[in-house]
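The values are calculated or read from the model by the stated rules, or taken from the named source; none is laboratory data. No experiment lies behind these values; they were computed from the predicted model shown. Note that we place each Cβ from the backbone using ideal geometry, even for glycine, and neighbour counts take in every protein chain shown.
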Amino acid sequence: MVSNGYINREPLLDLCPHLDAANIDLKCFDNESYKQLTSGGLHPVLETLKTLKEKNIWLEITSLLIPGYNDGTEMMEKMCAWLVENNFSDTPLHFSRFFPTYRLTDRPATPERSLLQAKEIAERAGIKYVYIGNLPHLQGENTFCPHCHTLLVERQGFDVTSNRLAAGKCHICGEAIAGVWQ
């Protein structure tokens with residue numbers, strides 16, 4: 001399931017037995033900015049993340065970085081701290097590049113340095129699997145061992161070009177890699 005995360009707990013609990021995985025868009029980490037972007041609030045999305053984690057649904061989080069809305073250092077630090085404090089350090093976090101289109105044409109594309117800075121902030125906070133999307137030349141879609149930093153899964157767009165996992169573990173140091181391996 002790919003979702004913006006707006007769902008009440010009871011319907012989500014009814015849905016969970018039918019889910020294998022979910023990717024939730026975490027638009028930003030400020031309630032006022034959430035209202036500006038979506039007319040909704042941050043709290044329901046955070047509750048959805050917690051519920052999916054509680055129900056052991058494989059979860060990934062995506063944040064589209066929009067210049068001037070959600071690409072500030074302070075907001076990134078708060079978001080990543082919350083994720084780590086709430087046991088999401090093993091949850092893959094994707095920072096995607098924004099391109100001006102549809103209703104948001106007054107903003108430039110996300111600068112490469114903003115995506116690299118967000119990745120650095122997330123890793124420094126303790127998030128183990130951080131990815132950069134929509135900038136293929138950065139190879140930000142690859143998976144590295146959080147312990148020894150060995151390249152484990154190499155991707156080109158949506159294709160896996162090399163997989164060095166050994167039964168869900170790093171083939172070099174034996175570190176267990178978060179994922180669904182059966």
Go through the residues of the stretch 94-102 one by one and say whether even a single one is touching a residue at least 24 places away in the same chain (Cβ under 8 Å), under 21 Å from T48 (Cα atoms) and in contact with a Gly (Cβ under 6 Å, 6 or more places away or on another chain). yes
Across the stretch 47-61, what is the number of residues that are surrounded by fewer than 18 Cβ atoms within 10 Å (Cβ to Cβ) and either of a type in the set (G, A, S) or under 13 Å from the mean Cα position of the chain (by Cα) (or both)? 2
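Output the residues belonging to the stretch 1-52 that are basic (K, R) and either within 19 Å of L93 (Cβ to Cβ) or touching a strand residue (DSSP E or B) at 6+ places or on another chain (Cβ under 6 Å) (or both). Steps first, answer last, please.
Filtering the stretch 1-52 down to residues basic (K, R) leaves 9, 27, 35, 50.
Passing the criteria: K27, K50.
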Condition first: farther than 25 Å from K53 by Cα and either part of a loop (DSSP other than H, G, I, E, B) or hydroxyl-bearing (S, T, Y) (or both). Now tell me which residues in the stretch 125-157 satisfy that. N134, L135, Q139, C148, H149, T150, G157
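Let's see how each residue does on (1) outside the structural domain of G179 (by TED's automatic domain parsing); (2) under 25 Å from G179 (Cβ atoms); (3) at pLDDT below 95; (4) not polar (S, T, N, Q):
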position	(1), (2), (3), (4)
E10	yes, no, no, yes
A21	yes, yes, no, yes
Y34	yes, no, yes, yes
T38	yes, no, yes, no
E47	yes, yes, no, yes
T62	yes, yes, no, no
N70	yes, no, yes, no
W82	yes, yes, no, yes
H94	yes, yes, no, yes
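Yes or no: the stretch 162-175 includes at least one residue that is closer than 19 Å to N23 by Cα and either under 15 Å from the mean Cα position of the chain (by Cα) or part of a loop (DSSP other than H, G, I, E, B) (or both).
no
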Counting just the residues of the stretch 62-96 that are within 12 Å of Q117 (Cα to Cα) and among the charged types (D, E, K, R), which one comes out surrounded by the most Cβ atoms within 10 Å (Cβ to Cβ)? D71
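Please specify each residue of the stretch 36-45 satisfying the condition of being surrounded by fewer than 19 Cβ atoms within 10 Å (Cβ to Cβ) and over 22 Å from G133 (Cα atoms). Walk me through how you get there before you give the answer.
Step one: filter the stretch 36-45 for residues surrounded by fewer than 19 Cβ atoms within 10 Å (Cβ to Cβ), giving 36-41, 43-44.
Within the stretch 36-45, Q36, S39, G40, G41, H43, P44 meet the criteria.
Restricting to the stretch 102-123, and then to whatever is of a type in the set (K, R) and surrounded by fewer than 14 Cβ atoms within 10 Å (Cβ to Cβ), can you tell me which residue is nearest to G140 (Cα to Cα)? If you could, list the steps in order and put the result at the bottom.
Step one: of the stretch 102-123, the residues of a type in the set (K, R) are 103, 107, 113, 119.
Checking the rest, the ones that are also surrounded by fewer than 14 Cβ atoms within 10 Å (Cβ to Cβ) come to 103, 113.
Details: R103: 27, R113: 13 Å.
Going through the qualifying residues, I end up with R113.
For the stretch 19-85, please list each of the helices (runs of 4 or more DSSP H) lying entirely inside it that holds at least 3 residues being at negative phi and without any contact (Cβ under 8 Å) to a residue 40 or more places away in the chain.
Details: elements: 31-38, 43-54, 73-85.
Passing ranges, in order: 31-38, 43-54.
Which is modelled with pLDDT under 95 and more than 19 Å from I61 (Cα to Cα), of H147, H137? Spell out the reasoning first.
On the way: H147 fails: modelled with pLDDT under 95.
Residue meeting the stated conditions: H137.
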